[in-house]
Amino acid sequence: MEATRVLARAGIGSARVDAELLAEHAFGVPRGRLALVDPDPYQLELLRDLVERRSRRVPVQHLTGRAPFRYLDLAVGPGVFIPRPETELLVDWGLSALSALSALSGVDAPVVVDLASGSGAIALAVATECPQATVYAVERSPRALAWLRRNAAGVELSIVDGDVTAPETLSELDGRVDLVLCNPPYVPDAAPVEEEVRGHDPAEAVFGGPDGLDVIRPVIARAATLLRPGGWVGIEHDDSHGVAVPDLLRAAGAFDTVREHADLAGRPRFATARRLADFSP
Ligand SMILES: C[S@@+](CC[C@H](N)C(=O)[O-])C[C@H]1O[C@@H](n2cnc3c(N)ncnc32)[C@H](O)[C@@H]1O
């Protein structure tokens, strides 16, 4: 396909997949049927325009306005972080933790908090895949909140406009939460990022201070207070944090069973821990 060649020439690594996704969007047919379609001049012009913008490093998800995440098809665009496939693994782990809590501790209506919710990817995945859970999504960016509210339409989800690092955020749930999940901004400020990220993901969604841990440190303290004894926390982090985040969880004195988890490429990706019974915040 000509679109693949144009994108490859522009240095887009995923040229073929991106070309197909854009063609699917422009022609209004699923990828598997592209070979059968006879696009009209308007559709061809639309595809040319999309390919040209993708060549200038606009993410595919901003061009189609959609981001798949587990079973969800989320609306995304300027002002919100595009959910990444690796975060699906954190959700997977969280759902397993909820199954274990149900089987071992009889927790059948768990309370779940998604800190730094962005488009709502994590919170909505948990709310739809574990409908018996009561799920809270905390986010403070007004632009991200607008996308979150749009994605949450029709789903049972409590959206909280708040700072995930502040002790007063959701303090009414302190000691009552079964699972805290968090994909915070975690890239160290000086780390190089792809042009798509620099130009299109909001900086406050990506960068986490000089060592990337500025939000993770208070989130660990917040999770220690929110969780009930035996509750679980899972925090996604930069691949340079495979030792630092588990160390921070151990140092908090509030958790046991601290574990580090790798993504499908084998890179350190998220850390998990269980709230101790005998910790008093
Ligand atoms: C990496 S994005 C994750 C979004 C979503 N959870 C996901 O996995 O796709 C981090 C999000 O945290 C939000 N954020 C950053 N600092 C925050 C804070 N102190 N309080 C609340 N939200 C914050 C950003 O606006 C952004 O939406």
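The values are calculated or read from the model by the stated rules, or taken from the named source; none is laboratory data. Keep in mind that this is a model prediction, so the values were computed, not measured. Don't worry about glycine lacking a Cβ; one is built from the backbone with ideal geometry, like all the others, and counts go over all protein chains shown. Areas reflect the complete protein model, heavy atoms only, side chains present, ligands, DNA and RNA absent. Shrake-Rupley method; radii C 1.70, N 1.55, O 1.52, S 1.80 Å.
For the criterion of being near the ligand (Cβ under 8 Å from one of its atoms) and open to solvent by less than 20 Å² (accessible area, probe 1.4 Å), A166 passes.
Within the stretch 125-145, which residues are closer than 22 Å to V215 by Cβ and either more than 13 Å from the ligand (Cβ to nearest atom) or surrounded by fewer than 16 Cβ atoms within 10 Å (Cβ to Cβ) (or both)? Across the stretch 125-145, the qualifying residues are P142, R143. Take the conditions within 11 Å of the ligand (Cβ to nearest atom) and either among the small types (G, A, S) or more than 17 Å from the chain's Cα centre (by Cα) (or both) and apply them to D238. Does it pass? Answer is no for this residue. Listed by position, the strands (runs of 3 or more DSSP E) inside the stretch 203-281 whose residues that are without any contact (Cβ under 8 Å) to a residue 24 or more places away in the chain number at least 3 are 255-262. With respect to (1) modelled with pLDDT of 95 or more; (2) open to solvent by less than 40 Å² (accessible area, probe 1.4 Å); (3) assigned to a helix (DSSP H, G or I), the lone exception for R53 is condition (2). Please go through the stretch 8-33 and give me each residue that is without any contact (Cβ under 8 Å) to a residue 24 or more places away in the chain, part of a helix (DSSP H, G or I) and of a type in the set (A, V, I, L, M), ordered by number. Passing the criteria: A8, A15, V17. It is to be established whether one or more residues within the stretch 115-124 are open to solvent by 20 Å² or more (accessible area, probe 1.4 Å) and within 10 Å of the ligand (Cβ to nearest atom). For the stretch 115-124, residues open to solvent by 20 Å² or more (accessible area, probe 1.4 Å) and within 10 Å of the ligand (Cβ to nearest atom): present.
Taken as a whole, the stretch 78-93 holds at least one residue that is closer than 30 Å to A10 by Cα and of a type in the set (A, V, I, L, M). With respect to the conditions (1) under 30 Å from D178 (Cα atoms); (2) in a helix (DSSP H, G or I), R5 falls short on a single one, namely (1).
The C-beta contact set for the stretch 149-176 (first residue farther than 18 Å from I235 by Cβ, second residue at pLDDT below 95 and of a type outside the set (F, W, Y), distance under 9 angstrom, 6+ apart or interchain) comprises D174/P281; G175/P281. Out of the stretch 171-209, which residues are open to solvent by 10 Å² or more (accessible area, probe 1.4 Å), over 24 Å from V76 (Cβ atoms) and aliphatic (A, V, I, L, M)? Selection gives A190 alone. In the stretch 53-64 there is no residue matching the filter, namely being within 15 Å of the ligand (Cβ to nearest atom) and in contact with a Ser or Thr (Cβ under 8 Å, 6 or more places away or on another chain). Of all residue pairs spaced 6 or more apart or on separate chains, none has beta-carbon atoms under 9 Å together with a first member in the stretch 96-122 that is among the aromatic types (F, W, Y) and a second member that is within 16 Å of the ligand (Cβ to nearest atom) and in a helix (DSSP H, G or I).
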